[in-house]
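K.L.:
Take a look at the following structure, please.
Nothing in this text is a laboratory measurement; each read-out follows from the coordinates by a stated rule. Being a predicted model, the structure only gives us computed values, none of them experimental. Positions of Cβ are backbone-derived with ideal geometry, glycine not excepted, and every protein chain shown enters the neighbour counts.
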Amino acid sequence: MNARFTEIQNLSDIPRNKHLVYALSINGKYIVVGRGKYNRAKVIFDTIDNISYGHIKSLKVRLYHLFSPEPAFKREIIIANSKEQSKEIEKEKHKRIGGNSLEIEKSIQLLLFKNINNTTVELLFRIAISSSYSGLSDLKKWHNHKIISEKDWELISSKLKLPIAIE
């Protein structure tokens, strides 16, 4: 299968109720390649102000937005005919271009951890980055359940430019 990506410019370019393979690259390197419908694909349009908390790659996308020097993002989709076809296309794209890793470049990690002199916050960031669900959602849930102290949450939300009071 040789399906080709189509570059899109706006969130409104993502069709609703279609099976998709979506991709986000930064400066030519794919950091997200996934599949799903609109609600999953919208992560490629996350910004500092708009967050897809429930997506496994939302924290990764946010970190690249915050800490990449002059990032050049490219957003692409492939419309599939079925869920099964989207699985096949995604698998082929992962083999060819990557985008399936939660790994964060060392340069991004260094900027994230810069000036953090709090081992608890550093540990929370490391756990969130390794989350098998969504690191941003995990942090938010831990804060709402009072697992993260207000002092630590202020540091986390400041570093990630998150609203301090989020539901």
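K.L.:
Just for the Cα atoms in the range 6-97, what are the lengths along the principal axes, largest first, rounded to whole Å?
P.N.:
Per principal axis, max minus min of the Cα coordinates gives 37, 26, 22 Å.
K.L.:
Given all pairs of different Cα atoms, what value in angstroms does the Kirkwood hydrodynamic radius of the chain take?
P.N.:
With all distinct Cα pairs of the chain included, I get 16.6 Å.
K.L.:
Over 23 Å between C-alpha atoms is what I'm after, so list which of 18/141; 42/140; 37/106; 29/95; 60/83; 29/106 land there.
P.N.:
18/141; 37/106; 60/83
K.L.:
Give the relative contact order (percent, whole number) for the range 1-67; include only Cα pairs under 8 Å separated by 6+ residues.
P.N.:
Worked out over the range 1-67, it gives 24 percent.
K.L.:
Further, regarding this structure: Step through the residues of the range 2-14 one at a time and calculate ³J(HN,Hα) from phi using the Karplus curve (6.51 cos²θ - 1.76 cosθ + 1.60, θ = phi - 60°), rounding each to whole Hz and writing x for Gly and Pro.
P.N.:
Using θ = phi - 60°, the values come out as 10, 6, 10, 6, 10, 6, 10, 10, 9, 4, 5, 7, 7 Hz.
K.L.:
Moving to a separate point now. Could you pull the Rg and Dmax for the range 106-160, using just the Cα atoms, both in Å?
P.N.:
Every Cα atom of the range 106-160 included, Rg and Dmax give 10.7, 32 Å.
K.L.:
Could you compute the FRET efficiency for residue 81 and residue 48, with r as their C-beta to C-beta distance and R0 at 35 Å, rounded to 0.05? Write down the numbers at each step before the final one.
P.N.:
Numbers: r = 35 Å, r/R0 = 1.01.
The pair residue 81/residue 48 has a calculated efficiency of 0.50.
K.L.:
Still on this structure, please answer the following. So who's got an amide H within less than 5 Å of the one on residue 162, skipping anything under 5 residues away but keeping other chains? H placed 1.01 Å off N, in plane.
P.N.:
none
K.L.:
Further question on the same structure: Anyone know which of 130, 82, 157 comes out most mobile in the 10 Å Cα GNM of the chain?
P.N.:
82
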